[in-house]
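Peer 1: My questions all concern the structure below.
The values are calculated or read from the model by the stated rules, or taken from the named source; none is laboratory data. Owing to the predicted nature of the structure, the values given are computational and were not obtained by experimental measurement. Cβ atoms come from the backbone with ideal geometry, glycine included; neighbour counts cover every protein chain shown. Only protein heavy atoms, including side chains, enter the accessible area calculation; ligands, DNA and RNA are left aside. Shrake-Rupley method; radii C 1.70, N 1.55, O 1.52, S 1.80 Å.
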Amino acid sequence: MKITIHRGINQIGGCITEIQSSSGTKILIDLGHNLPDADGQAEDEYDVPENLDRLLDRVSAVFYTHYHRDHIAFEAAVAKKGIAQYLGHLAKLVKLKFYAHMQNTPQNAAKEKYEAAFQAVLSFNEYYPNKTVSVGDIKITPYYVSHSAADAYMFVIECDGKNVLHTGDFRDHGYLGKYLYGTLRRFVVKRKIDVLITEGTLLSRNDEKLISEKELQDKAYELLSRYKYAFVLCSSTDIDRLASFCQATTRHQGRLFIADGYQCKLLETFTEHYFQKRNIRFFDFSKVHEYDESIIPDMVKSGFTMIVRASGKFKEQLGTLMSLLPKEDTLFIYSQFQGYICPEDKAYNANTDKFVHSHDWNHEYLHTSGHASKETLARVCNLMNPHTAIIPIHTEKGSDFTSLDIPEELKNKVVTNDTVADDIEIQVR
């Protein structure tokens, strides 16, 4: 068995893990794009076709843990090669809705790109929680995890008599995060994991203060008690965050929860999947109102919470509405990673920062990470107690996995360089 970490040891986003059996069967876990820089640019070596061709040589399948672009971005090129691609059922729907929305872009080149991506995702195979998929002599079993994306998964990979757990991005402080340890104990521990491949995003973010999504909802409720009108900038596909603000809004009787047409379509999909089919009440978005100018009188009268996005189109749409709202009653809540609007941070995004400060709003920062805390990482490492190795990915350069509260025996198993152990070859590119 051979494990190759093509990317992820020294960077957050763009992670690529390769698993190859002794017979030559080869799969990839995630194939995403590098994250953008402050100018919104994202250079990536796999934008060069020759480099991508080398990476995909003899690959039988690509499994995506979730739909964020830093985990899935080259799907059209992969599809052209006839390589099977796998994604969760709901995650596939979300990705299709996103690409369908983006096809409305005025740039012809971009439209063609999104059309190709849409067709590629349309051809994806779907996997389901706890259901094993076989690719040659490699078996992959997905298990649901809580993340800042709906329908995210970890994978147990069985190959050459060895068991690998690839966590993907995960956390335990989301609404469904409480099931993490039960899932691990019930389904994964008994497999006796040889190699644990796990994210470590927050190891380099010592100042990151984590609260649960329920605590965030309560804080949002308090803010909405003080301001009649609130705009919220958060991820359009972060189901937990959207639920937090929706629930905080509906707790204020008569207050309206507002979104644009694209967002409403996503919320309708979330409602059908989680509330109507599984009766998870905090994912009920059935009372959302779609924004247009005809609803403005009701919004001004009743008060509202409106989900917005950092785009010029949105600023134009809000022009009429903003002229009617008194400043003292109006709040803007920023609910994403703070580094995006901090010029000193390498994740700084000038467009987002400009949008956040484009109006003379009252501002509040209210956010919690979609990633595992140090305590959660330590708990998972201790629970899994892998026999051979711990490989940290989705970590920035300088992150020290051995700083976690884990036994020395496990610290000695942390691998960040090439090695061979227990008939497992590990390569770190």
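Peer 1: What is the helix-to-structure angle for 89-102, meaning the angle in degrees between its Cα long axis and the longest Cα principal axis of the chain, kept from 0 to 90 and rounded to the nearest 10?
Peer 2: 50
Peer 1: Quick one: of 95/190; 131/287; 26/131; 97/219, which pairs are farther than 28 Å apart, Cα to Cα? Intermediate values should be presented prior to the final figure.
Peer 2: On the way: 95/190 34 Å; 131/287 34 Å; 26/131 20 Å; 97/219 31 Å.
The answer is 95/190; 131/287; 97/219.
Peer 1: Averaged per residue, what accessible area in Å² does region 224-296 show with a 1.4 Å probe, protein chains only?
Peer 2: Each residue of region 224-296 exposes 43 Å² on average to a 1.4 Å probe.
Peer 1: Could you check the simple spin-label distance between residue 126 and residue 268, using points 7 Å along Cα→Cβ, in nm with one decimal?
Peer 2: 1.8
Peer 1: Follow-up. How big is the dipole moment of the chain about its Cα centre under a simple scheme where the beta carbon of each Lys and Arg is +1, that of each Asp and Glu is -1, and everything else is neutral? Debye, nearest 20, please.
Peer 2: Roughly 1260 debye for the chain.
Peer 1: Once Rh is set to the Kirkwood radius over Cα pairs, what Stokes-Einstein translational diffusion coefficient, in µm²/s, holds for the chain at a temperature of 25 °C and a viscosity of 0.890 mPa s?
Peer 2: The calculation lands on 109 µm²/s.
Peer 1: Take every Cα-Cα pair in region 115-171 and report what % of them are more than 14 Å apart.
Peer 2: Within region 115-171, distances greater than 14 Å cover 62 percent of Cα pairs.
Peer 1: Taking the Cα atoms only, what angle lies between the long axis of helix 312-322 and the longest principal axis of the chain, rounded to 10 degrees?
Peer 2: Here the helix axis deviates by roughly 30 degrees.
Peer 1: Shifting gears a bit: Check each of the trypsin sites (Lys or Arg not before Pro) in region 84-186 and keep only those in coil by DSSP with at most 15 other C-beta atoms within 10 angstrom; list them in order.
Peer 2: 131
Peer 1: Compute the length gained on full extension between residue 346 and residue 311: take 0.36 nm times their separation in residues and subtract their Cα-Cα distance, giving the result in nm to one decimal. Intermediate values should be presented prior to the final figure.
Peer 2: On the way: separation 35, 0.36 × 35 = 12.60 nm, distance 2.11 nm.
Taking residue 346 through residue 311 to full extension adds about 10.5 nm, to one decimal.
Peer 1: If you roll a 1.4 Å probe over the chain with all protein chains in place, what percent of the accessible area is carbon or sulfur? Show your work: numbers first, answer last.
Peer 2: Working: 8380 of 18650 Å².
After summing per-atom areas, the C and S share lands at 45 percent.
Peer 1: Do me a favour and compute the ellipsoid semi-axes for region 138-249 from its Cα gyration tensor, root of five times each eigenvalue, largest one first, whole Å.
Peer 2: 34, 13, 12
Peer 1: Need the full-extension length gain, residue 211 to residue 365, defined as separation in residues times 0.36 nm minus the C-alpha distance. One decimal, nm.
Peer 2: This chain segment gains 54.1 nm when fully extended.
Peer 1: Here is a further query. Put a dot 7 Å past each Cα toward the Cβ at residue 110 and residue 421; how far apart are the dots in nm?
Peer 2: 4.6
Peer 1: Which FRET efficiency value, to the nearest 0.05, do you get for residue 301 and residue 329 by plugging their Cβ-Cβ distance into 1/(1 + (r/R0)^6) with R0 = 22 Å?
Peer 2: Rounded to the nearest 0.05, the efficiency is 0.95.
Peer 1: Also: What distance in nm separates the two pseudo spin-label positions at residue 102 and residue 81, each 7 Å out from Cα along the beta-carbon direction?
Peer 2: It is 2.0 nm.
Peer 1: If you line up the long axis of helix 239-250 against the longest principal axis of the chain, both from Cα atoms, how many degrees apart are they, to the nearest 10?
Peer 2: On a 0 to 90 degree scale, this one is about 30.
Peer 1: On to the next question. In whole Å, what are the extents of region 40-101 along the principal axes defined by its C-alpha atoms, from largest to smallest?
Peer 2: For region 40-101, the Cα extents along the three principal axes come out at 32, 31, 19 Å.
Peer 1: Would you please state the base-10 log of I(q)/I(0) at q = 0.13, 0.14, 0.21 1/Å for region 319-429, with intensities from the Debye formula using one equal scatterer on every alpha carbon?
Peer 2: Taking Cα atoms of region 319-429 as identical point scatterers yields -0.70, -0.75, -1.15.
Peer 1: Something else now. Any idea what diffusion coefficient region 64-184 gets from Stokes-Einstein, in µm²/s, Kirkwood Rh on alpha carbon pairs, 20 °C, 1.002 mPa s? Before the final figure, lay out the partial values.
Peer 2: Values: Rh = 15.4 Å.
Answer, rounded: 139 µm²/s.
Peer 1: A follow-up question, please. With only Lys, Arg, Asp and Glu charged, each at its Cβ (+1 for the first two, -1 for the last two), find how big the charge dipole of region 172-299 is about the Cα centre; round to the nearest 20 debye.
Peer 2: 800
Peer 1: Below 17 Å, Cα to Cα, which lysines can residue 374 reach? Residues fewer than 8 away in the same chain don't count.
Peer 2: 178, 209, 397, 411
Peer 1: Which GluC sites (Glu not before Pro) from region 1-81 combine a DSSP loop assignment with at most 12 other Cβ atoms within 10 Å?
Peer 2: Here the sparse-neighbourhood loop sites are 43.
Peer 1: Given a Förster distance of 45 Å, report the FRET efficiency between residue 403 and residue 187 from their Cβ-Cβ distance, rounded to the nearest 0.05. Mind showing how you got there, number by number?
Peer 2: Working: r = 29 Å, r/R0 = 0.64.
Once the sixth-power term is evaluated, E becomes 0.95.
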